[in-house]
Amino acid sequence: MSVYRWLGRGDWTDAALHSLEVSRGSLVLAGPETLPSRRGIALLDAGRPLPQERESTTDDRWRDVRILLAEPLPDGAWVRLWTRVEQPPAQGPAAAVTAPTPADSLFDDSAPATPRGLWRPAAVDALGARVFCREDGFLWVAVELGSTGEGSASVAELLVLTGDDGPVTRLPIVYRTTPEDRALDRAAEVDSGDGLLGRYLGLVASQLRHTSSLLDELPVQLSPLVAPDRDDAPWIDRLARWVALDPDQLPPRTDTSGRRERVTHAVARHARRGTADGIRDEIARRTGIPSERIELEEPLLSAEIWRLDANPLTSALGLTTGLVAADPGPPALDANAYLDRSALIDPRDAGLPVHATTAHRLCVHIVDGTPDEIAAADVVVQSERPAHVWARTCAVAHETGADAVVGVDAIPAEGPPGLFDDAVQDPDVDGPGIRIGTARLPRTEDSPHHRPAPVPTREGEAS
């Protein structure tokens with residue numbers, strides 16, 4: 001089993017940063033984004049595997065270094081790995097390790113054998129590198145970031161591994177053993193990943209790991225809840241198009257939850273699109289008008305239609321019923337035909353003259369709606385209505401009412417307190433003789449059946 005160690009540890013406190021900074025746990029370029037070119041580097045001492053970490057004879061040194069990016073590389077940004085092995089303190093004082101320079105660095109295509117004390121770069125944008133120095137020592141790793149634009153690479157973590165479980169170690173030892181060659185003065189050697197075969201298989205494995213990581217991340221990128229939503233990775237916009245949702249109708253990127261919610265429920269809303277409930281929900285969602293204030297009226301539902309009843313004795317078509325004589329129609333016009341008001345129709349439009357004024361019509365009422373609300377709601381209605389439906393949006397006043405129940409053969413209860421004999425006392429105070437409840441109206445010449453209200457009298461006086 002390969003031994004590994006995380007070097008960033010989430011805060012990068014052990015790293016020496018030059019023109020870099022830590023943002024949300026990741027390494028990024030520091031400085032203003034307006035500069036035409038930026039470059040920074042971080043130095044980390046990886047050391048070597050601890051004795052208690054070793055589980056085999058081949059995990060004695062770090063052989064593999066990997067970068068984990070927090071985000072895909074933006075345009076104009078790049079990243080590069082550097083490795084360097086220094087002698088252990090027991091063999092002498094360690095040299096001061098500085099950032100890579102041309103004087104103490106090799107090229108990325110140099111020979112595999114790498115001595116101690118020299119920086120060796122990996123290819124630009126390579127997310128992994130092999131440590132080709134086989135000498136015993138402590139490993140140093142440098143992470144270089146650069147950009148020619150506003151974006152910056154974001155390095156989430158740095159990983160070092162012993163690499164003893166690489167692809168080449170899975171082969172039988174006979175396939176990775178180089179026999180002794182006395183003519184070349186070369187001893188027998190077992191390829192543990194640093195030889196030609198190990199490097200080639202490592203390159204193939206790196207490409208396969210990249211492909212495998214893309215497949216592993218595919219469910220994440222296809223989920224609206226966690227898919228990236230950035231200018232360089234607009235997966236929410238892509239998912240919106242896949243579910244037939246116009247990305248321009250999504251909320252701005254500042255409303256992340258709103259954008260993800262729209263895409264998540266787009267398919268369910270498509271099933272209700274064009275219905276009364278679907279139009280009401282869409283108006284409320286896109287305009288902010290409460291759904292309680294949105295009323296949809298279909299005139300056809302309240303239209304009165306004449307039809308035959310279920311009794312065949314009184315409603316037998318052609319026997320007990322009849323139709324008026326048909327209009328001879330064009331070109332013969334009778335006295336009831338009006339110019340420009342008669343026309344022939346296709347068979348598919350049968351019944352349209354009867355229901356033309358009510359069919360395929362929708363009225364959207366916004367209770368106590370303002371002109372701005374009506375305009376905003378009408379935009380939604382015109383985009384969500386079925387193509388064959390005519391729709392209009394208007395404001396209506398808020399209506400209030402109270403339920404009333406009239407009983408049959410019910411004895412009225414006593415009148416409200418404070419009224420003498422259920423009569424109107426003072427029209428100036430109590431109103432013009434109209435009362436709610438059991439109050440009686442005063443008798444007038446137009447209504448002689450109303451009995452007059454009794455006049456209160458003092459004791460001893462005639463009423």
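The values are calculated or read from the model by the stated rules, or taken from the named source; none is laboratory data. Computed from a predicted structure; not experimentally measured. No Cβ is skipped: glycine too gets one built from the backbone with ideal geometry, and neighbour counts run over all protein chains shown.
Checking the structure you have, find out if any residue of region 408-427 is outside any loop (DSSP other than H, G, I, E, B), charged (D, E, K, R) and at pLDDT 90 or above.
no
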Residue within region 265-284 that is on the phi > 0 side of the Ramachandran plot, part of a loop (DSSP other than H, G, I, E, B) and modelled with pLDDT under 90 present: yes
Of all residues in region 134-148, which are surrounded by 19 or more Cβ atoms within 10 Å (Cβ to Cβ) and farther than 19 Å from Arg63 by Cα? Glu144, Leu145, Gly146, Ser147
From Glu86, Glu71, residue being under 19 Å from Ala16 (Cβ atoms) and out of contact with any helix residue (DSSP H, G or I) (no Cβ under 7 Å at 6 or more places or on another chain): Glu86
Residue check: is Gly198 surrounded by 14 or more Cβ atoms within 10 Å (Cβ to Cβ) and not in a helix (DSSP H, G or I)? no
For region 98-133: of the residues being touching a Lys or Arg at 6+ places or on another chain (Cβ under 9 Å) and of a type in the set (Ser, Thr, Tyr), which is modelled with the lowest pLDDT? Ser110
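With the structure loaded, tell me whether Val243 is in contact with a helix residue (DSSP H, G or I) (Cβ under 7 Å, 6 or more places away or on another chain) and not assigned by TED's automatic domain parsing to the domain that holds Ser154 or whether it fails that test.
Here the answer is yes, as Val243 does meet what is asked.
For region 150-172: of the residues being under 14 Å from Pro49 (Cβ atoms) and surrounded by fewer than 19 Cβ atoms within 10 Å (Cβ to Cβ), which is modelled with the lowest pLDDT?
Going through the qualifying residues, I end up with Asp165.
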Per the filter on region 216-246, residues farther than 25 Å from Ser152 by Cα and without any contact (Cβ under 8 Å) to a residue 12 or more places away in the chain are Pro219, Ser223, Arg241, Trp242, Asp246
